[in-house]
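Student: Just dropping this structure here.
The values are calculated or read from the model by the stated rules, or taken from the named source; none is laboratory data. Here the structure is a predicted model, which means the values were calculated and not measured. We place every Cβ from the backbone using ideal geometry, glycine too, and count neighbours over all the protein chains shown.
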């Protein structure tokens, strides 16, 4: 199964999904690595999080692939699929899911 997000300011990834502090640490890391400092970027038409959201999205990527075994997602014990919203006030998002194979 392939999962694809049709946006340039949100990304997808697979990571540990048992402890909610992982999500908090992800956000802390990205905000320190790609700071919302408008003086650093030219593409700021939509605000301080405009270009930073595009950079963060590119770091994560726009799709993930997950095998399906016996009709179920074959993720690891602790894994989950993250839709990472990088805008401070992101809107609705569109996801395309494609099943490949028999």
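Student: In the range 1-14, which residues are surrounded by 14 or more Cβ atoms within 10 Å (Cβ to Cβ) and outside any loop (DSSP other than H, G, I, E, B)?
Tutor: 3, 4, 5, 10, 11, 12, 13, 14
Student: Another question about this same structure. How about the range 56-86: which of its residues are within 17 Å of residue 16 (Cβ to Cβ) and in a helix (DSSP H, G or I)?
Tutor: 60
Student: Search the range 27-59 for residues being in contact with a helix residue (DSSP H, G or I) (Cβ under 9 Å, 6 or more places away or on another chain) and under 19 Å from residue 15 (Cα atoms), and hand back the single one that is surrounded by the fewest Cβ atoms within 10 Å (Cβ to Cβ).
Tutor: By that ranking, first place goes to 33.
Student: Pairs needed: first member in the range 44-66, on the phi > 0 side of the Ramachandran plot and at pLDDT below 95; second member anywhere, surrounded by fewer than 20 Cβ atoms within 10 Å (Cβ to Cβ) and in a loop (DSSP other than H, G, I, E, B); C-beta distance under 9 Å; at least 6 residues apart or different chains.
Tutor: Within 9 Å, the pairs are 47/36; 47/87; 47/88; 47/89.
Student: Can you pull out the residues in the range 15-26 that are without any contact (Cβ under 8 Å) to a residue 12 or more places away in the chain and either part of a helix (DSSP H, G or I) or touching a helix residue (DSSP H, G or I) at 6+ places or on another chain (Cβ under 7 Å) (or both)?
Tutor: Result: 21, 22, 24, 25.
Student: Kindly indicate whether residue 68 is under 17 Å from residue 2 (Cα atoms) and surrounded by 12 or more Cβ atoms within 10 Å (Cβ to Cβ).
Tutor: Yes: the conditions hold for residue 68.
Student: Being touching a strand residue (DSSP E or B) at 6+ places or on another chain (Cβ under 7 Å) and surrounded by 11 or more Cβ atoms within 10 Å (Cβ to Cβ): is that true of residue 17 here? First the steps, then the outcome.
Tutor: Numbers: touching a strand residue (DSSP E or B) at 6+ places or on another chain (Cβ under 7 Å): yes; surrounded by 11 or more Cβ atoms within 10 Å (Cβ to Cβ): yes.
Yes; evaluated as a whole, the condition is true for this residue.
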